[in-house]
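Undergrad: Attaching a single structure in structure tokens format; questions to follow.
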């Protein structure tokens, strides 16, 4: 037990958090995909290879692209305008959780108004709440039900807010 405590105390703060990265893939001139990946790290031994958390592409990315770019800018992630087809940058845990939840929730949506409402709701969430919802969406038997419930909560017109 003391060896484990010594090993954990020897980890730096950056090594004591899960490692995430955001990847941008350009498929064509106006066709971009943004993905969030969890990388193997000492704190997450169950992740042996990079694990795709979520991704967004196409119309739904176009609808929230300004929000995604603002979040990436605040996280210190800068993608080169036309550097190539693929790019990856490390990202902090809180921003990766929020971005992953945003992508998973928005992927099947079609209504522009509902997309806006859900994006605003997720943007307003705290780190713990976003982590809770993303964990539920990733580790439950029926993740679609969890995401449907979240969409329903965030698009309810009678919601107190």
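Quick grid of which residues meet (1) touching a residue at least 40 places away in the same chain (Cβ under 8 Å); (2) over 20 Å from residue 112 (Cα atoms):
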site	(1), (2)
31	no, no
40	no, yes
47	no, yes
51	no, yes
55	yes, no
58	no, no
61	no, no
65	no, no
69	no, no
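Undergrad: Considering each of 130, 96, 88, 119 in turn, give the residue that is farther than 19 Å from residue 57 by Cα and at pLDDT below 95.
TA: 130 is the lone residue from the list that is farther than 19 Å from residue 57 by Cα and at pLDDT below 95.
Undergrad: Of all residues being part of a loop (DSSP other than H, G, I, E, B) and within 18 Å of residue 54 (Cα to Cα) in the range 126-161, which is nearest to the chain's Cα centre (by Cα)? Just the residue, please.
TA: 140
Undergrad: Looking at the structure I just gave you, is residue 82 surrounded by fewer than 20 Cβ atoms within 10 Å (Cβ to Cβ) and at pLDDT below 90?
TA: So residue 82 fits the description; yes.
Undergrad: Counting only residues that are under 16 Å from residue 130 (Cβ atoms) and either assigned to a helix (DSSP H, G or I) or touching a strand residue (DSSP E or B) at 6+ places or on another chain (Cβ under 6 Å) (or both), how many does the range 71-106 have?
TA: Adding up the residues that qualify gives 19.
Undergrad: Specify the residue that is modelled with the highest pLDDT; the eligible residues are those in the range 11-49 that are outside any strand (DSSP E or B) and exposed (fewer than 10 other Cβ atoms within 10 Å of the Cβ).
TA: 49
Undergrad: Of all residues in the range 115-139 being surrounded by fewer than 16 Cβ atoms within 10 Å (Cβ to Cβ) and touching a helix residue (DSSP H, G or I) at 6+ places or on another chain (Cβ under 7 Å), which is farthest from residue 67 (Cα to Cα)?
TA: 127
Undergrad: Under 7 Å between Cβ atoms, which residue pairs at least 6 apart in sequence (or on different chains) link something in the range 88-114 that is buried (at least 20 other Cβ atoms within 10 Å of the Cβ) with a partner that is outside any helix (DSSP H, G or I) and at pLDDT below 90?
TA: 91/75; 91/77; 95/75
Undergrad: Then there's this: I'm trying to understand the selection: among the residues of the range 83-107, which are touching a helix residue (DSSP H, G or I) at 6+ places or on another chain (Cβ under 8 Å) and over 14 Å from residue 20 (Cα atoms)?
TA: Listed by number, the residues that qualify are 102, 104, 105, 106, 107.
The values are calculated or read from the model by the stated rules, or taken from the named source; none is laboratory data. This structure is a prediction, so every number in the text was calculated from the model and none was measured. Counting neighbours? That spans all protein chains shown, and the Cβs are built from the backbone with ideal geometry, glycine included.
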